[in-house]
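Novice: Let me give you the structure first, and then I'll get to my questions.
Each value in this text was obtained by applying a stated rule to the coordinates, not by laboratory testing. Computed from a predicted model, the values in this text were never measured in an experiment. In this analysis, Cβ positions are derived from the backbone assuming ideal geometry, glycine residues included, and neighbour counts consider all displayed protein chains.
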Amino acid sequence: MRLWIGRQYPALLEPTVRIALDDVVTAGTVPIADVTEVAFLPPVSGG
Amino acid sequence: MRFLSADPIDPAALLDTFTRASTGAGAIVSFTGVVRGGDGVSELWLDHHPGLTEQGIGEVDADARRRFAVDDLSIVHRIGSVAPGEPIVFVAAAATHRRAAFEAVDYAMDRLKTDVPLWKRETRADGTRWIEARPEDQADRARWEIET
């Protein structure tokens with residue numbers, strides 16, 4: 001999936017864009033076979 | 001104590017409550033972030049993701065408690081519309097000694113700025129724009145050698 005996203009939407013793989021799988025923020029390589037929702041979170045700016 | 005508030009927060013009252021509850025502490029450190037006035041911003045809008053934002057703040061809280069010898073930690077963050085001069089975030093730590101309390105608050109603020117799903121949109125006379133964490137914020141975060 002990362003390869004496909006990198007080709008179609010490279011901006012989504014910027015390190016400041018977080019990925020949440022089924023409402024859990026993840027990092028690194030994670031199996032997504034049983035995942036029902038993939039969300040891309042834009043760069044954050046709290047505090 | 002940690003929560004998101006759509007209403008204005010009162011750092012003095014929060015610190016008073018926190019201090020009264022930290023009976024065994026020898027050091028209490030607090031930080032209040034305020035929307036800067038005088039630089040043309042008329043409103044700051046704090047957006048969040050119900051669920052993920054609370055989860056993110058919870059992780060910051062747990063990580064800070066694990067890394068530093070603090071007895072208690074408080075994180076309160078505004079959401080919604082915030083005016084210049086109003087508090088946007090309150091963080092406090094109680095510890096036996098001051099160093100742990102200072103570092104826990106510093107660490108929590110760096111993580112809030114770079115890790116927690118919160119988004120700022122500022123309004124100026126010429127329109128609105130979303131704000132990203134600055135390179136300085138990322139450099140501050142990198143001091144703690146946090147794995148992503």
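Rundown of residues vs (1) in contact with a strand residue (DSSP E or B) (Cβ under 6 Å, 6 or more places away or on another chain); (2) surrounded by 17 or more Cβ atoms within 10 Å (Cβ to Cβ), yes/no style:
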| site | (1), (2) |
| --- | --- |
| B:Arg2 | yes, no |
| B:Ala13 | no, no |
| B:Thr23 | no, no |
| B:Gly38 | no, no |
| B:Gly51 | no, no |
| B:Gly56 | no, yes |
| B:Asp63 | no, yes |
| B:Arg67 | no, no |
| B:Asp71 | yes, yes |
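Novice: Looking at region A:1-12, can you tell me whether even one residue there is away from chain B (no Cβ under 14 Å), in contact with a Phe, Trp or Tyr (Cβ under 7 Å, 6 or more places away or on another chain) and not in a loop (DSSP other than H, G, I, E, B)? Reasoning before the result, please.
Specialist: Within region A:1-12, the first condition is being away from chain B (no Cβ under 14 Å), and the residues that meet it are A:1-10, A:12.
Now restrict to residues that are in contact with a Phe, Trp or Tyr (Cβ under 7 Å, 6 or more places away or on another chain): A:12.
Within this subset, residues satisfying the condition of being not in a loop (DSSP other than H, G, I, E, B) are A:12.
Within region A:1-12, one or more residues are away from chain B (no Cβ under 14 Å), in contact with a Phe, Trp or Tyr (Cβ under 7 Å, 6 or more places away or on another chain) and not in a loop (DSSP other than H, G, I, E, B).
Novice: So, of the residues in chain A that are surrounded by 13 or more Cβ atoms within 10 Å (Cβ to Cβ) and of a type in the set (S, T, N, Q), which turns out to be nearest to B:Gly80 (Cα to Cα)?
Specialist: The qualifying residue nearest to B:Gly80 (Cα to Cα) is A:Ser45.
Novice: Exactly one condition in (1) more than 14 Å from chain A (Cβ to nearest Cβ); (2) surrounded by fewer than 24 Cβ atoms within 10 Å (Cβ to Cβ); (3) touching a strand residue (DSSP E or B) at 6+ places or on another chain (Cβ under 6 Å) is not met by B:Ile79; state its number.
Specialist: Of everything listed in (1) more than 14 Å from chain A (Cβ to nearest Cβ); (2) surrounded by fewer than 24 Cβ atoms within 10 Å (Cβ to Cβ); (3) touching a strand residue (DSSP E or B) at 6+ places or on another chain (Cβ under 6 Å), B:Ile79 misses just condition (1).
Novice: Among (1) away from every other protein chain (no Cβ under 11 Å); (2) hydroxyl-bearing (Ser, Thr, Tyr); (3) in contact (Cβ under 8 Å) with a residue 60 or more places away in the chain, where does B:Thr53 come up short?
Specialist: The one condition B:Thr53 does not meet is (1).
Novice: Before we move on, is A:Leu41 in contact with a Leu (Cβ under 8 Å, 6 or more places away or on another chain) and either among the hydroxyl-bearing types (Ser, Thr, Tyr) or within 14 Å of chain B (Cβ to nearest Cβ) (or both)?
Specialist: Against the criterion (in contact with a Leu (Cβ under 8 Å, 6 or more places away or on another chain) and either among the hydroxyl-bearing types (Ser, Thr, Tyr) or within 14 Å of chain B (Cβ to nearest Cβ) (or both)), A:Leu41 qualifies.
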